[in-house]
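Heads up, the thing below is written out as structure tokens.
The values are calculated or read from the model by the stated rules, or taken from the named source; none is laboratory data. All of these numbers come straight from a predicted model, not from anything done at the bench. Quick reminder, even Gly has a Cβ in these numbers, built from the backbone with ideal geometry, and neighbours come from all protein chains shown. Note: accessible area is taken over every heavy atom of the protein model, side chains too, but ligands, DNA and RNA are not part of it. Shrake-Rupley method; radii C 1.70, N 1.55, O 1.52, S 1.80 Å.
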Amino acid sequence: MDDFYLNHQGIPQGTASIQPDGKWDIKTFDQAEKIETTQFWLGSEYHAQQPWLETLNTKLYYRNTDFTQNTNRLMTRWNRGINEQRRVLDDRRFQDQSIGWSVDANAEQISGDVVHTLVYGGVLETAYHERPVTKTTLDWNGVTVGDTQPFAPARSYSLGVYAQDAMSIGQWRVMLGLRADAYRLSADDPQAIGMASVADNNSAALSPSASVAYHWTPAFNTYLSYKHGYRAPEYDKSYGYSNHASMPGMAFVVLPNPSLDAETSDSFELGAKYDDGKLRLYTAAYYNRFSQFIDIADKGFNAETGLFEKRYETLMV
């Protein structure tokens, strides 16, 4: 099966961009955006009568999202009696492409008074990320074209496998689960963003989960659940180099940090549910604790570059 999505959007009004030689006024502005998404997938379903397998679903998929933004600014200003004009063309492209394979299986077993519902599977995926920028300036100095890579082109690899056993024992419902994840992000061109080198980012985690519920009546139950969370560092936070040197009075740069650790959390939930088909009532209390959290941090002023520096850091909570 395949799917295709295309969206065009035009923006006729805007402001002048920040320039290194002072303030300019906008004369004409035009911005066009296009999002093109293509995805294909091929899946199959297998039914068996095995104790450990009743249904197996597998899927091979491909996704590509291509976002382009083309901005055309004609700016003007009066300088010593001369009406100066400058046209700036800003062309940006964001591409995210992924290829993956997933498998999901389930089975039901009865052992004495206990009914086991088993769910297990995994996903293997590789993705490519690229965000090139081309800026063209036309004024009395001629035509200046600059190609930059604010984010290093990179490929990521991820593997996740999981297993879950939901058990019914009389009026009790108990669920035990475990997921294992491994992730790697590697730059295609480690020097693309002007750094001497950009290291790989690797992380892995085991994420257990558990819950227990008691059904007081067919319509009313109370429950307690726990889940360990894991999220690998995002591509733009690990490999992004965003230079804002033209910002008046607050020039700064966001530095890449390929050494980011994955975010982790522990979540607890205590609740009750009532549903008799006519009336539904839900109440719950939550507690979430983040052991590691990614946020932007100020790194101070760099006297050599004349810029304030910021960088995403893993904060220990």
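What is the calculated FRET efficiency for Tyr214 to Asp165, with r their C-beta to C-beta distance and R₀ = 25 Å, to the nearest 0.05?
Details: r = 18 Å, r/R0 = 0.72.
In this case the efficiency is close to 0.90.
For a quick protection proxy, order the peptides 210-217, 295-302, 307-314 by their average other-Cβ count within 10 Å, most packed first.
Most protected by this proxy first, the peptides run 307-314, 210-217, 295-302.
Would you calculate a helix-derived [θ] at 222 nm for the chain, using -39,500 (n - 2.57) for each DSSP H run of n ≥ 4 and dividing by the full residue count, to the nearest 500? Each step should come with its number before you reach the end.
Details: 1 runs with 5 residues, N = 317.
It comes out at -500 deg cm²/dmol, rounded to the nearest 500.
Please work out the average accessible area per residue across segment 125-278, using the 1.4 Å probe convention, and give it in Å².
I get 52 Å² per residue for segment 125-278.
Multiply the residue gap between Ile26 and Gln97 by 0.36 nm, knock off their C-alpha separation, and tell me the result in nm, one decimal place.
Details: separation 71, 0.36 × 71 = 25.56 nm, distance 3.60 nm.
Length difference between fully extended and current span is 22.0 nm.
Starting from the Cα of Ser111, step 7 Å along the direction of its Cβ; do the same at Lys278; then give the gap between the two resulting points in nm.
Placing both labels 7 Å beyond Cα along the Cβ direction yields 4.2 nm.
If packing is taken as the average number of other Cβ atoms within 10 Å across a peptide's residues, how do 266-276, 87-97 rank, most packed first?
Put in order of decreasing packing, that is 87-97, 266-276.
Using 0.36 nm per residue, how much length does the chain from Glu33 to Glu234 gain when fully extended, once their Cα-Cα distance is taken away?
Length gained, Glu33 through Glu234: 70.0 nm.
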